[in-house]
């Protein structure tokens, strides 16, 4: 399922938009977003992909969150929010703990401001 999500996102990529986003999010050497790679996918399209894969296991969400590709991380977090909203109290605690263990990969304002 993880490979399919990555393929779905890659199909939606827009190199021109990716270039603009790389500049906007300051991905150059020494800038705060250094190293981030953008595919140039609009957030509404990422939300559609996330909805399709909302049952993705946390282990796969973890792998997406570890990606250098910004849209992989954002899609993973959208899936995580969806899981949290539908979870019972025990599930919410598990997701909250998972989120806290992965904050090093949540490194830009748009990844927090969902």
**OP:** Pull out a ≥ b ≥ c, the square roots of the eigenvalues of the alpha-carbon gyration tensor of region 53-114, then state rounded if a/c is under 1.5, prolate if not and a/b is larger than b/c, and oblate in the remaining case.
**Re:** prolate
Original post:
Given C-alpha coordinates of region 2-108, what is the ratio Rg to Rh with the Kirkwood estimate of Rh?
Top reply: 0.99
Subject >> Using alpha-carbon coordinates, inclination of helix 15-24 to the longest axis of the chain, degrees >> reply: 90
Original post:
Helix 70-86 versus the longest principal axis of the chain: what angle, 0 to 90°, nearest 10, using Cα atoms?
Top reply: 20
Subject >> Histogram of C-alpha separations across region 43-87, 10 Å bin width, % >> reply: 33, 59, 8
Original post:
Residue separation times 0.36 nm, minus the C-alpha to C-alpha distance between residue 63 and residue 84: what's the value?
Top reply: 5.8 nm
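We did not get these values from a lab; they are worked out from the coordinates using the rules stated. Just so it is clear, the model here is predicted, and its values are computed rather than measured.
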